[in-house]
Amino acid sequence: MTDTPRRRDAGRTRAALLKAAAELFAERGFAQATIRDIGERAGVDSAMIARYFGGKAQLYVAVLHEEQGPDDPPDLLDTDRLRDLVGRAVRQGPGPLYHSALHAHDDPQADEYSRTELHRRIVTPLAGRLTAEGVDRPQARAELLTAAVVGVLIGRSSGALPALTALDADTLTTLLTQVLSSME
């Protein structure tokens, strides 16, 4: 009797990778969650991450899509949305979407994907709100507000700004809401 190779179930493999990645990103943050560890936790070869997602940054974005659901996200001026973004960054550290606003990823495809997602998830909803409110230069203001939030979250995680690093997610959200409201 010969062993027949097991057929790979793409849907199950993809779901296992998403679940493992979500857990590890939550436990360790994006930078500390390795592709190898994600593959091991999912019970699959870590090379499957590249096959199904393209790379770690794209997997991270896919995890965010799963968490968000099918609807477009609210904008940054929505307090619940800001609380969610700040809470995730405090727990997991700023992910590749935030870092794409500061510098290019080593992988051009991951870089383009992250920047596209940064605009789709954060800049575009905010620009839409500002346009609807008749705000002057809505796109530029949306990018300015996005840069402010990204800078705060990355500055907090770096430890270079100790008073900012010491803030809990709720306090940081409250202060950010006040600052963003004054910048509109």
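Remark: segment 27-184 carries a charge dipole of roughly 260 debye about the Cα centre, counting +1 on each Lys and Arg Cβ and -1 on each Asp and Glu Cβ. Can you pull a Stokes-Einstein diffusion coefficient for the chain at 10 °C (1.306 mPa s), Rh from Kirkwood over Cα pairs, as a whole number of µm²/s? Approximately 90 µm²/s, per Stokes-Einstein. Cβ-Cβ distance of L102 and V179, R₀ of 22 Å, FRET efficiency by 1/(1 + (r/R0)^6): the value works out to about 0.70. Per residue, the chain exposes 55 Å² of accessible surface when a 1.4 Å probe is rolled over the protein heavy atoms with every protein chain present. The packing ranking of peptides 142-155, 165-178, 117-130, highest mean first, is 117-130, 142-155, 165-178, where packing means the average number of other beta carbon atoms within 10 angstrom of each residue. When a 1.4 Å probe is rolled over the protein heavy atoms, the share of accessible surface on segment 40-178 that falls to carbon and sulfur comes to 53 percent.
Between A50 and T79, the modelled label-to-label distance comes to 4.7 nm, taking each label 7 Å out from Cα in the direction of the beta carbon.
Spatially, segment 67-97 and segment 130-184 are offset by 12 Å when compared through their Cα centroids.
The values are calculated or read from the model by the stated rules, or taken from the named source; none is laboratory data. Quick caveat, the model's predicted, so the values are computed rather than measured. Because the Cβ atoms are built from the backbone with ideal geometry, glycine has one as well, and the counts that use them run over all protein chains shown. For the accessible areas, the whole protein counts, side chains as well, though only heavy atoms, and no ligand, DNA or RNA atoms are used. Shrake-Rupley method; radii C 1.70, N 1.55, O 1.52, S 1.80 Å.
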